[in-house]
Amino acid sequence: MKYFGTDGIRGKIFEDVDHKIAFDCGNSLCALKSKPRIIIGKDTRLSNDYLTLAFSLGVLYGGGTVVDLGICPTPGVAYLTKHLGFDFGVMISASHNPPDNNGIKVFNSYGQKLGDILEQDLENHFGQYIKCEAMNLKNYIFNPKLVRKYIDFLQNSLDIDLKNLKIVLDCCHGASCKVAPTVFRKLGAKVFVINSKMDGEKINVNCGATNTRQLQESVKNHNADIGLAFDGDSDRLIAVDENGDEVDGDKIIYVLAKQLKKENKLKNDIVIGTLVTNLGIQKQLNKHSINIALANIGDKYVIEKMLETNSILGGEKSGHIILLNHLPTGDGILAGIQLAGVLKKNNCKFSALCDVKLYPQVNISIKVKDKDMIFEDKTLKQLIDEIESKNNQSVRVLVRKSGTEKVIRVMVESEDEKMANTYANLLEKKVREIDDKNIKK
């Protein structure tokens, strides 16, 4: 596909994503369903009104109706799409990407992200405009009060209160700034909030789920029980324990899985991870009689695998945590609430719940000019084969192209940390060498 990646349309504003793409996307939804009712939300980026209005105009031009939530977490859009009976939900956001990026995520009427086939169908209609007889501007409705229904859903998702828990929230200057503190306070926790100004120039900048340093310090300074970091659109969660140590998505899934198993709520005793789920997590889950199946990287592929295996818990190391018995998409705030609930029920230190030793895993993201060309390069594939054959499966290698950025991602995992670093650096050097040659052409 030309525009859609693993998580919707995403790229640098005005270069990769502009008003025409937004208009085409909105109008093309009118080709998938006649006169659709669409609910739309956005994070705090400066370019969000620009894309929201262009998208909405495309829908109105095609005879549809738009209800604009204003600033709302991505999973909030998914929840409201399903529970208020909209045909589609749309989020204007570039998720964890930098402030000068933006994008479009589309949900079906069940609150699920569109699959590859529907995304291709949608993209095929770009530029083939649907036009209604008479455009009605009254079909654009701004109603931010609907976000309260999502807040109520989050509050009701937990069967206990969070009284006596001290929690630090890093809202990343993004879509969670109002929702997350409100919900955790309603649940009774003592809440400290950092990066809580809705600032589109600071969203994801050295904060949130992609950089927990500020959260780590804040947890220690406040002597808090747990820290929770969200990304720009709040569909990711990375936690911090009472010692200030980071707890990634793999460990969060491990903690939640153990609790669900303990309460006899883990359907089929299976959870879903991805190709980069740490081998230490996989082995430790097995010790608790919990099976793990691996999906391709990308939360929509995790959800597809969850539906296939009839499981209720899945996610990614990056912090997409899916609790399918609550919502059919990743939700950082929801996952944070459930994680805090586990901590309250066990009445122990958070670090004690994370009793798993991870295998050393080196992850490197490399910005490149042409990720497709590099990914298909024969010399890179030969190097990967050499590493794997030489080490007889004691080293796990994954080189992949990002579905949302011009980036090649390298992952090397081994019980020997020095070996993992050596091979990761070797692969990075090869990727940069291929990219340099391409730039000089």
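The values are calculated or read from the model by the stated rules, or taken from the named source; none is laboratory data. Only a predicted model underlies this, so the values are computations on that prediction, with no experimental measurement involved. As a convention, Cβ positions derive from the backbone with ideal geometry for all residues, glycine included, and neighbour counts pool all protein chains shown.
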Can you spot a residue in segment 92-112 that is more than 15 Å from Cys172 (Cβ to Cβ), within 14 Å of the chain's Cα centre (by Cα) and assigned to a helix (DSSP H, G or I)?
-> no
Residue among Gly332, Gly315, Gly319 that alone is touching a Pro at 6+ places or on another chain (Cβ under 9 Å) and modelled with pLDDT of 95 or more | Gly332
Return the only residue of Lys261, Lys220, Lys265 being among the basic types (Lys, Arg), at pLDDT 95 or above and more than 20 Å from Ser351 (Cα to Cα).
-> Lys265
Residues that are touching a Ser or Thr at 6+ places or on another chain (Cβ under 9 Å) and either free of Cβ contacts under 8 Å to residues at least 60 places away in the same chain or assigned to a loop (DSSP other than H, G, I, E, B) (or both), drawn from segment 324-333 | Leu324, His326, Leu327, Thr329, Gly330, Asp331
How many residues are in a helix (DSSP H, G or I), surrounded by 12 or more Cβ atoms within 10 Å (Cβ to Cβ) and of a type outside the set (Ser, Thr, Tyr) if we restrict to segment 344-385?
-> 13
Please work out which residue is surrounded by the most Cβ atoms within 10 Å (Cβ to Cβ), limiting yourself to segment 208-227 and to residues that are over 27 Å from Pro98 (Cβ atoms) and in contact with a Gly (Cβ under 9 Å, 6 or more places away or on another chain).
-> Ile226
When you go through Gly314, Gly319, Gly336 one by one, which is the residue that is closer than 27 Å to Val90 by Cα, touching a residue at least 60 places away in the same chain (Cβ under 8 Å) and in a loop (DSSP other than H, G, I, E, B)?
-> Gly319
Search result, residues across segment 210-243 that are of a type in the set (Lys, Arg), closer than 21 Å to Ser365 by Cα and in contact (Cβ under 8 Å) with a residue 12 or more places away in the chain | Arg236
Scan segment 49-59 and give yes if some residue there is more than 15 Å from Phe88 (Cα to Cα), among the charged types (D, E, K, R) and either under 24 Å from the mean Cα position of the chain (by Cα) or assigned by TED's automatic domain parsing to the domain that holds His83 (or both), otherwise no.
-> yes
Tyr129 passes all but one of the listed conditions (1) under 30 Å from Gly64 (Cβ atoms); (2) surrounded by 19 or more Cβ atoms within 10 Å (Cβ to Cβ); the exception is number (2)
Residues Ile297, Ile253: which one is assigned to a loop (DSSP other than H, G, I, E, B), in contact with a strand residue (DSSP E or B) (Cβ under 6 Å, 6 or more places away or on another chain) and in the same structural domain as Lys349 (by TED's automatic domain parsing)?
-> Ile297
Only listed residue being crowded, with 23+ Cβ neighbours inside 10 Å, outside the structural domain of Asn347 (by TED's automatic domain parsing) and not hydroxyl-bearing (Ser, Thr, Tyr), chosen from Leu154, Leu169 | Leu154
Sort out which residues of segment 175-209 are part of a loop (DSSP other than H, G, I, E, B) and polar (S, T, N, Q), and write them in order of number.
-> Ser176, Asn195, Ser196, Asn204, Asn206
Selected residue (only one of Ile303, Ile281, Ile272 is of a type in the set (Val, Ile, Thr), touching a Lys or Arg at 6+ places or on another chain (Cβ under 6 Å) and either under 19 Å from Cys354 (Cα atoms) or in a helix (DSSP H, G or I) (or both)) | Ile272
